[in-house]
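Only one structure is covered here, and it is reproduced in the block below.
The values are calculated or read from the model by the stated rules, or taken from the named source; none is laboratory data. Just so we're clear, the structure is a prediction, and the values are computed from it rather than from any experiment. Note that we place each Cβ from the backbone using ideal geometry, even for glycine, and neighbour counts take in every protein chain shown.
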Amino acid sequence: MADAAPAETASATQNPSPNGTSGAAATSKDISISWTDPNYKPPSGYLGNLSASQQKALDQFRKELQDEGHFVEERMDDSTLLRYLRARKWDVALAKKMLFDREKWREDFQLDKLMKCVLEFDFKEKKEVDKYYPQYYHKVDKEGRPVYVEKLGALNLTELMKITTQERQIQALVYEYEIFERERLPACSKAAGHPVETSCTILDLKGVGLGKFWDVKNYVQEAAGIGQNYYPERMGKFYIVNSSWMFTTIWSVIKGWLDPATVAKISITNSNDILKQQIPLENLPADLGGKCSCPGGCSLSDAGPWH
Ligand SMILES: [Zn+2]
C-alpha cells in the first residue's frame, strides 16, 4: 500500500535499459541513480522509474522548497524528496510538512551536534549493552540491503539500566540511523551495483514474555516513532521471528503506534526459517539459523560492505 504508485505509464518502462542515465534519471543530479547491475530495474516511484505525475510532484516539491528558502542541498537530494513523497502518497503539502517536522526534530535533538562530537560519542557502553540488549548491523540480504538485528529476547533491563540510560540508547539509535544513511547505504549500493535505500530488519523475540516487553515498551515506542517519522521509507523488509502466542497481545499494542503501510511490510513467524529466503546463509548469524559466526561474535563484528 505504502509504495503503491498510480497505474500510469512510467518513463523507465518505455526505456528499460538500466544504464543509469536514461529516462527521468537524466534530469537528476542524484548520484544514487547510477548503477552497474544489468538486471536492476528501479521500482515504480523511485528514481529512474517515475510516472509523469510523480515527476511533476518531485519537481514541484523541490521548487517550493527552493522558492521558500528551505532547500538544503546535502539533505534534500531527489531520492530523499521521493521518500517523503512516497511516505505521504505523493501529496506534496503533506510531504513538505513531514520534511519540516523532521528538520525541526533535527534541531531539537541537536543532531548536528551529536554527529559533530561523533569521535567523543562512540557510545562507550556499546560492548556492555550488547550483552543485555543486542542490536546490530550485520552483512546484507539477497538484494544488498544492510541487515539489522535486534534481539529483544536477550534483553536484561535491570543490568542494562545499570550501564546506560534510555536517552543514551535513543542517541545511539539515531547515530546508527545517520551512519546507516551516510555510510552503510552508499557502500551497499556500490557493492550491489544498484541503489540500496532500505534495510532488512530482524526482530528476534526468542525468550520474550509479556513482562519483558512492557519493560521496553517506552523505548520501542520512541524508537519506532523516530524511524517512522524522521527516516521514512527506510524499511525494506521487516521480520519478527520466534514469536509466541503471547506476541498476539503485544502486536496489537505495537500495531497501534505504526502507520498501516508500515504494518503491511512486516512478516511475523514463530520460527526463523523465513530468513533463509531473504538472507544468504553465509550472511546470516548462526543463532538465527544461518552459517555466519564472525570472530568475536556477529553482534560486535560490524561486518558488511561498509568496511
Ligand atoms: Zn557474522
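Each row is one residue, and each column tells you yes or no for (1) under 24 Å from ALA303 (Cβ atoms); (2) of a type outside the set (A, V, I, L, M); (3) within 16 Å of the ligand (Cβ to nearest atom).
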{"site": "CYS117", "(1), (2), (3)": "no, yes, no"}
{"site": "ASP130", "(1), (2), (3)": "yes, yes, yes"}
{"site": "PRO134", "(1), (2), (3)": "yes, yes, yes"}
{"site": "PRO146", "(1), (2), (3)": "yes, yes, yes"}
{"site": "LEU152", "(1), (2), (3)": "yes, no, no"}
{"site": "LEU157", "(1), (2), (3)": "no, no, no"}
{"site": "ALA172", "(1), (2), (3)": "yes, no, no"}
{"site": "TYR177", "(1), (2), (3)": "yes, yes, no"}
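Selection over the stretch 272-291 of residues that are near the ligand (Cβ under 8 Å from one of its atoms) and over 19 Å from ALA154 (Cα atoms) gives a count of 1.
Determine, yes or no, whether VAL140 is of a type in the set (Val, Ile, Thr), modelled with pLDDT of 90 or more, within 16 Å of the ligand (Cβ to nearest atom) and within 30 Å of THR80 (Cβ to Cβ). The answer is yes for VAL140. Does any residue of the stretch 246-266 turn out to be closer than 12 Å to LEU203 by Cα and surrounded by fewer than 18 Cβ atoms within 10 Å (Cβ to Cβ)? Scanning the stretch 246-266, I find at least one residue that is closer than 12 Å to LEU203 by Cα and surrounded by fewer than 18 Cβ atoms within 10 Å (Cβ to Cβ), so the answer is yes. Exactly one residue among PRO295, PRO305 is over 29 Å from ILE254 (Cβ atoms), more than 10 Å from the ligand (Cβ to nearest atom) and out of contact with any Gly (no Cβ under 6 Å at 6 or more places or on another chain), and that residue is PRO305.
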